[in-house]
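Comments concern the structure below.
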Amino acid sequence: MTVRRFHVEGIVQGVGFRPFVYRTASALGLDGWVANVNGHVEGEVTGPPRTIDEFAARLRTDAPALARVRRVRLTGGAPRPAYGPGFQVRHSSPAGVDTAPREIPPDAAICDACLAELHDPRNRRHRYPFINCTDCGPRATIIEDLPYDRIRTTMRRFPLCGRCAREYADPADRRFHAEPVACPACGPQLAWEELRGEEALRAAVKAVEAGGIVALKGLGGYQLVCDAGDPAAVSELRRRKHRPAKPFAVMVRDLDTAVRLARIGATERQALTSQERPVVLLARRRWHGSDPLAHEVYPGLTRVGLFLPTTGLHHLLLDELARPLVVTSGNLSDEPIAVDDAEARRALTGVADGFLTHDRPIRSRYDDSVVQFAGRTRITVRRARGLAPAPLPLSVREPVAGAGAQLKHTFTLAADGRAHLGPHTGDLADPAAHDAFLASYEHLKRLTGIEPAVLAHDLHPGYLSTQWAEAQPLRRIAVQHHHAHVAACAAEHGVQGRFLGVAYDGLGLGDDGTLWGGEILVADLSGYRRVGRFATAPLPGGDAAVRHPSRTALGHLFGAETLGSPRPYPWLTRSFTERLDPAEVAAVRTMVARGVNCPRASSAGRLFDTVAALVGLCDRAGYEGEAAVLLEAAAGAEHAAALAHRVVRAQGLWVYDPAPTLADLLRRQLDGERVARLAAAFHLTLAIVTAELVARAVAEGAPRTVCLGGGCFVNRRLLTEVKRRLHAQGLRVLVGGQVPVGDGGISYGQAAVAAARLAREG
Ligand code: ZN
Ligand code: ZN
Ligand code: FE
C-alpha cells in the first residue's frame with residue numbers, strides 16, 4: 001500500500017470535480033479524501049501503486065463536462081494515512097498559504113438532465129426557472145469570491161431547504177456540491193411587478209404576445225426580448241434602444257427550429273448546442289410564406305445570429321411563446337448591459353414595457369458571446385458569457401495586464417502560463433462602460449489573485465484605456481495596435497519566433513503618428529517591422545468618418561496618396577458625387593484641400609466603407625463596420641472577375657494603391673454591372689492584393705507563418721479568399737479562434753507583447 005498526495009489544476013471547482021474524484025476513487029477501491037484548496041483540487045489516496053496511477057490517469061481522461069484539467073500531479077503522501085477506510089469529500093478550506101492561481105468557471109447552459117426535469121410534471125423542479133446542477137448553471141456571474149462555495153456566491157441569501165441540502169451533501173447525487181442548487185421551496189423566484197412565479201411568467205408572455213418589449217433578467221445581465229416575427233415590435237425596439245441598424249440576436253426554442261431558419265454545418269451545430277451557448281452567426285434560409293423572422297431583425301443582411309435557450313427561464317418563455325424571440329443586451333446603444341435591478345429600472349424604463357426579474361443578484365456582467373465559422377475556422381466576435389474568463393494559454397513569467405483598446409473594450413490579466421480575457425464592456429467613452437470596466441477589472445484581479453507588475457496599453461493617447469493605464473502606479477509598456485492584433489493570433493496559436501502579420505482593421509495609431517489599418521508586419525511577440533501597407537487617404541472629420549462612409553469615399557476620391565496612378569476621372573465619379581448633397585461635397589473638397597480635420601489613414605476597414613458608399617450600399621453607418629458587413633452580404637454567392645489593382649514600392653514598403661481599383665469599380669458600375677458582382681469583385685481583389693503583398697515580403701525573407709488579425713477578418717468572404725490564396729503559396733495561415741479578431745482581442749495581444757518583452761529582458 002502506498003499513500004500519495006494528488007493535486008489537480010485547471011477549471012476544477014464548481015464543475016462537479018470532487019464528486020467525480022469520489023466516484024473514481026471508490027470505483028477503484030482507493031481510500032482517501034479530496035478537497036478544494038484555493039484554486040485547485042487536492043487530496044490523498046491509499047492503495048496499490050498501479051491503481052493510483054490508473055486513478056491519476058482517469059482524473060485527466062474522464063473529467064466532468066465543465067472541467068478543464070490542465071495538470072495532475074502526484075507527490076509523496078504521509079507515511080501513514082490519517083483517515084479510515086473509504087473515500088471522503090472534505091469541505092473546502094478557504095485561505096491558506098497556497099498561492100496557485102485561481103480559476104473561475106464560466107457559466108454553463110442548462111444541461112439535458114435538468115431540461116428533462118424542467119419538463120417533468122412529477123419532478124419537484126417542474127417548471128422551476130432556476131434549476132441547475134453540477135453540470136450546468138450560473139458560475140462566473142454569481143461568484144463573489146473564491147474558493148467557489150455557495151457562501152461566496154450571490155446564492156448565499158437562499159438557505160437550502162431540507163431536500164436541497166440532502167442532494168447537496170450526497171456524493172452520489174447529481175447536485176452534490178452544486179453551489180447554486182435551488183428549488184421552488186428555497187431558491188430565487190420570478191417577479192413581474194407584484195406578481196410572482198408562474199403568474200409573473202404569464203404576464204411577460206402576454207406582454208410579448210401583445211407586441212411589447214420585455215426586460216428579462218438573464219444570467220449576465222438584463223436582456224431585452226420581443227417577438228422576432230413582429231416587424232412593428234422589432235422596429236420599436238430599435239427606436240427605443242437607439243440602435244438603428246445593428247443586427248439583433250434571435251433565440252430559438254431548439255436546434256430543429258434553428259435548422260429550419262438557417263443553414264447549419266456540423267461545427268455550427270456543435271457551437272449552438274455547446275454548454276457555452278453563444279450566439280452563432282448563420283446563413284439565413286430562403287423562406288416562403290410568412291416569415292417567423294422579421295427582416296428588421298437583420299436589415300440588409302443574409303446572415304442572422306441565432307442561439308438556443310441558456311437557462312430554464314429562457315426555455316419556459318420559448319415553450320410558452322413558441323416563436324423566435326429577439327434577445328439582445330439590456331442597454332442603450334454603447335452602454336454596458338444592466339445587471340443591478342435598480343440600475344436596470346433606471347436605464348430601461350422607456351425601453352421596456354415590463355420587467356421579468358428575480359431575486360438572485362448578478363455579481364458580474366457578461367453579455368452573450370458571439371461566434372461564427374468560415375468552413376471549419378472558428379471566429380470569435382465577442383468573448384463573454386460562457387467563454388470568459390476561462391484561461392487562454394500565454395507564456396508569461398511576471399504577472400501582466402493588457403488595458404485594451406477603446407471600442408469593444410476588454411482587458412486581460414495574465415500570470416503563470418495563462419491569460420484571463422475579461423468580459424466585454426463596450427465603448428469605453430461611455431462613462432457607465434468605463435465604470436463597468438473598472439469594477440470588473442478589480443473583481444477579476446481579486447478572484448484570480450493576479451496582481452499585475454506590468455501594464456500594457458495602446459499607443460493611442462486618446463484611448464481612455466491608455467489614459468487609465470497612465471494613471472496606474474505600475475510599469476507600463478506601450479504596444480502598437482496592429483502589432484497587438486497579430487500578436488494575439490500568434491500567442492493563441494503558440495507561434496514561437498518570427499511570423500508575418502497581416503492586420504486589416506478600422507483604425508489604430510501607428511508608430512509614425514499616422515493612423516494605420518491595412519498593415520503587413522514582420523514580427524515576433526516582442527517587436528515588429530512594417531513591410532507593407534495600404535495607401536493613405538484623408539478621413540474628413542476624423543473619427544466621425546467611421547459613421548460616414550460617403551465622406552470617407554470622398555476623401556479617397558479627392559485626396560488619396562499619389563503613387564503614380566491616375567485618380568479616377570471626374571466623369572467616373574460624377575454619378576457618386578451628384579447623388580450626395582452638393583454643399584457637403586464642396587465642404588469635404590475644401591477640408592481635404594486644406595487638410596483641415598483630415599487625418600490620413602492606411603485603413604483597410606475604411607476602404608471597405610469607401611467601396612460600400614461608391615456602390616450605393618451605405619452612405620451613413622449605424623455602427624462601425626456596417627458598410628463592410630453590408631458589402632459582404634451584397635456579394636452573396638456571386639463571383640466576378642477581379643478589379644484592377646497595383647502594388648508599388650514606396651519609402652521602402654510595399655504599398656497597395658487602390659486608385660486603379662476604385663476607377664475600375666466605377667467604370668464597371670457605369671457599364672451597368674450589378675452591385676453583387678462589384679462587391680464580389682472587390683473582396684476578390686483585396687485577397688489578390690494581400691497575396692501579392694505577402695508574396696513580396698516572403699520573397700525578401702519574411703517568415704512563412706502568417707497571422708491574420710483585425711476586425712476586417714470577421715468578414716468570412718475576405719478571410720476565406722485570403723486563406724485560400726496564401727495556402728496556395730504554401731504558407732501556414734493562422735487566425736484567432738478563441739481570441740476575438742477585432743478590438744475585443746487587443747488586450748490579450750498587448751499582454752502577449754508585454755510578456756515577450758519582459759522575457760527578453762531576462
Ligand atoms: Zn444540469
Ligand atoms: Zn430547495
Ligand atoms: Fe483594431
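Listed by first and then second residue, the pairs with beta-carbon distance under 6 Å, at least 6 apart or on different chains, first residue in segment 31-42 and under 13 Å from residue 87 (Cα atoms), second surrounded by fewer than 23 Cβ atoms within 10 Å (Cβ to Cβ) and of a type in the set (Lys, Arg), are 33/90; 35/90.
Table: residues versus (1) more than 14 Å from ligand 2 (Cβ to nearest atom); (2) modelled with pLDDT under 95; (3) crowded, with 19+ Cβ neighbours inside 10 Å; (4) not β-branched (Val, Ile, Thr).
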residue: 125; (1), (2), (3), (4): no, no, yes, yes
residue: 132; (1), (2), (3), (4): no, no, yes, yes
residue: 135; (1), (2), (3), (4): yes, yes, yes, yes
residue: 142; (1), (2), (3), (4): yes, no, yes, no
residue: 146; (1), (2), (3), (4): yes, yes, yes, yes
residue: 151; (1), (2), (3), (4): yes, yes, no, no
residue: 158; (1), (2), (3), (4): no, no, yes, yes
residue: 162; (1), (2), (3), (4): no, no, no, yes
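Of the residues making up segment 234-278, those that are open to solvent by less than 20 Å² (accessible area, probe 1.4 Å), farther than 28 Å from residue 140 by Cβ and either acidic (Asp, Glu) or touching a residue at least 60 places away in the same chain (Cβ under 8 Å) (or both) are 234, 245, 261. Hey, does segment 510-519 have a residue that's among the hydrophobic types (A, V, I, L, M, F, W, C), out of contact with any Cys (no Cβ under 6 Å at 6 or more places or on another chain) and part of a loop (DSSP other than H, G, I, E, B)? Within segment 510-519 (the criterion being among the hydrophobic types (A, V, I, L, M, F, W, C), out of contact with any Cys (no Cβ under 6 Å at 6 or more places or on another chain) and part of a loop (DSSP other than H, G, I, E, B)), the answer is no, since none of the residues qualifies. Residue 286 falls short on exactly one of the conditions (1) closer than 30 Å to residue 617 by Cα; (2) modelled with pLDDT of 95 or more; (3) open to solvent by 50 Å² or more (accessible area, probe 1.4 Å), and that condition is (2). The set of residues in segment 436-452 that are of a type outside the set (A, V, I, L, M), touching a residue at least 12 places away in the same chain (Cβ under 8 Å) and not in a loop (DSSP other than H, G, I, E, B) comprises 437, 440, 441, 443, 445, 446, 448.
Condition check ((1) at pLDDT below 90; (2) not β-branched (Val, Ile, Thr); (3) not in a helix (DSSP H, G or I)) across all residues:
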residue	(1), (2), (3)
13	yes, yes, yes
24	no, no, no
29	no, yes, yes
36	yes, yes, yes
42	no, yes, yes
45	no, no, yes
50	no, yes, no
54	no, yes, no
58	no, yes, no
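Pick from segment 471-484 the residues that are open to solvent by 10 Å² or more (accessible area, probe 1.4 Å) and not aliphatic (A, V, I, L, M): which of them is nearest to ligand 1 (Cβ to nearest atom)? Across segment 471-484, the extreme among qualifying residues is 472.
Specify which of the listed residues (419, 433) is open to solvent by less than 10 Å² (accessible area, probe 1.4 Å), of a type in the set (A, V, I, L, M) and within 18 Å of residue 103 (Cβ to Cβ).
Values: 433 fails: within 18 Å of residue 103 (Cβ to Cβ).
Criteria check complete, one pass: 419.
Inclusion of residue 72 among residues that are aliphatic (A, V, I, L, M) and at pLDDT 90 or above is warranted. Answer yes or no as to whether residue 613 is surrounded by fewer than 22 Cβ atoms within 10 Å (Cβ to Cβ), in a helix (DSSP H, G or I), of a type in the set (Gly, Ala, Ser) and modelled with pLDDT of 95 or more. No. One residue alone among 5, 71, 18 is assigned to a strand (DSSP E or B) and either open to solvent by less than 20 Å² (accessible area, probe 1.4 Å) or under 25 Å from residue 143 (Cβ atoms) (or both), and that residue is 71. Residues in segment 164-190 that are away from ligand 2 (no atom under 15 Å from the Cβ) and of a type in the set (Asp, Glu): there are none. Tell me, which residue of segment 178-192 that is touching a Phe, Trp or Tyr at 6+ places or on another chain (Cβ under 8 Å) and open to solvent by 20 Å² or more (accessible area, probe 1.4 Å) is farthest from ligand 1 (Cβ to nearest atom)? That would be 192. For segment 507-520: of the residues being open to solvent by 10 Å² or more (accessible area, probe 1.4 Å) and under 18 Å from residue 407 (Cα atoms), which is nearest to ligand 1 (Cβ to nearest atom)? Step by step, filter segment 507-520, then rank; the result is 507. The set of residues in segment 75-93 that are among the hydrophobic types (A, V, I, L, M, F, W, C) and open to solvent by 50 Å² or more (accessible area, probe 1.4 Å) contains only 82.
Is it the case that some residue within segment 714-724 is in a loop (DSSP other than H, G, I, E, B), of a type in the set (S, T, N, Q), open to solvent by less than 50 Å² (accessible area, probe 1.4 Å) and touching a residue at least 60 places away in the same chain (Cβ under 8 Å)? Within segment 714-724, one or more residues are in a loop (DSSP other than H, G, I, E, B), of a type in the set (S, T, N, Q), open to solvent by less than 50 Å² (accessible area, probe 1.4 Å) and touching a residue at least 60 places away in the same chain (Cβ under 8 Å). Is one or more of the residues making up segment 683-699 among the aliphatic types (A, V, I, L, M) and touching a His at 6+ places or on another chain (Cβ under 6 Å)? Yes, there is a match, as at least one residue in segment 683-699 is among the aliphatic types (A, V, I, L, M) and touching a His at 6+ places or on another chain (Cβ under 6 Å). Limited to segment 102-150, what total is found for residues that are touching a residue at least 24 places away in the same chain (Cβ under 8 Å) and in a helix (DSSP H, G or I)? The qualifying residues number 5. Taking segment 309-335 as the range and being modelled with pLDDT under 95 and either open to solvent by less than 20 Å² (accessible area, probe 1.4 Å) or small (Gly, Ala, Ser) (or both) as the test, the residues that pass are 329, 330, 331, 333.
Any residue at all in segment 743-752 that is open to solvent by 10 Å² or more (accessible area, probe 1.4 Å), under 23 Å from the mean Cα position of the chain (by Cα) and within 16 Å of ligand 3 (Cβ to nearest atom)?
Yes, that holds for at least one residue.
The values are calculated or read from the model by the stated rules, or taken from the named source; none is laboratory data. Just so we're clear, the structure is a prediction, and the values are computed from it rather than from any experiment. Reconstructed Cβ throughout: ideal geometry from the backbone, glycine too, with neighbour counts over all protein chains shown. To get the accessible areas, we keep the full protein, side chains included, count just its heavy atoms, and leave off ligands, DNA and RNA. Shrake-Rupley method; radii C 1.70, N 1.55, O 1.52, S 1.80 Å.
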